[in-house]
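Only one structure is covered here, and it is reproduced in the block below.
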Amino acid sequence: MLSENVQKREQKRVTITSKRQFTIPQKFYSELGFDREALCIKTDGMLIIRPSSGDNGGEFAEQILAELIDEGFSGYELLDEFRKRRSMVRPAVENMMKAAKKAAEGTGEYYTYEDVFGRTDD
């Protein structure tokens, strides 16, 4: 069962050079928003190549993928769940930044060293 996130599948045969290089078809390149980098994901006998974007939780991509693989995801279910979890990274970081700012201003919740680690009497 494919989720609603998986859209109509298009395919095109490409040639791989002796240097293991190939050209992304122009239509795919443009429609998907490729630039100078791409991410290659090997899963379940497939190679998924997608645009690399620095503003989408990519810094956590390896950790997210490792967790999903450990949880038994593969194929398109892996891809769908990866997209879902990756989209949650930025909002979580933004919330942490807001909470840290409030704590620094003294208006938000915070914990002291003793709260976290307990009292250490020498």
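The values are calculated or read from the model by the stated rules, or taken from the named source; none is laboratory data. As the structure is a prediction and not an experimental result, all values here were calculated from the model. Neighbour counts are summed over all protein chains in view; Cβ atoms, including those assigned to glycine, are modelled from backbone coordinates with ideal geometry.
Could you list, in sequence order, the residues of segment 64-81 that are free of Cβ contacts under 8 Å to residues at least 40 places away in the same chain, in contact with a strand residue (DSSP E or B) (Cβ under 8 Å, 6 or more places away or on another chain) and in a helix (DSSP H, G or I)?
LEU65, ILE69, GLY75, LEU78 - these are the residues of segment 64-81 that are free of Cβ contacts under 8 Å to residues at least 40 places away in the same chain, in contact with a strand residue (DSSP E or B) (Cβ under 8 Å, 6 or more places away or on another chain) and in a helix (DSSP H, G or I).
Restricting attention to segment 23-40, report how many residues are exposed (fewer than 12 other Cβ atoms within 10 Å of the Cβ) and on the phi < 0 side of the Ramachandran plot.
The total comes to 9.
Go through (1) among the β-branched types (Val, Ile, Thr); (2) part of a strand (DSSP E or B); (3) over 13 Å from the mean Cα position of the chain (by Cα) one by one and return the number of the condition ILE41 breaks.
Among (1) among the β-branched types (Val, Ile, Thr); (2) part of a strand (DSSP E or B); (3) over 13 Å from the mean Cα position of the chain (by Cα), the lone unmet condition for ILE41 is (3).
Would it be correct to say that SER87 is in contact with an Asp or Glu (Cβ under 7 Å, 6 or more places away or on another chain) and within 30 Å of LEU47 (Cβ to Cβ)?
When the stated conditions are applied, SER87 does not pass them.
Quick grid of which residues meet (1) on the phi > 0 side of the Ramachandran plot; (2) within 11 Å of the chain's Cα centre (by Cα); (3) among the small types (Gly, Ala, Ser):
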site: LEU47; (1), (2), (3): no, no, no
site: GLY75; (1), (2), (3): yes, no, yes
site: LEU79; (1), (2), (3): no, yes, no
site: ALA99; (1), (2), (3): no, no, yes
site: GLY108; (1), (2), (3): no, no, yes
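Can you name the number of the only condition in (1) surrounded by 10 or more Cβ atoms within 10 Å (Cβ to Cβ); (2) at pLDDT 85 or above; (3) not hydroxyl-bearing (Ser, Thr, Tyr) that GLY118 fails?
(1)
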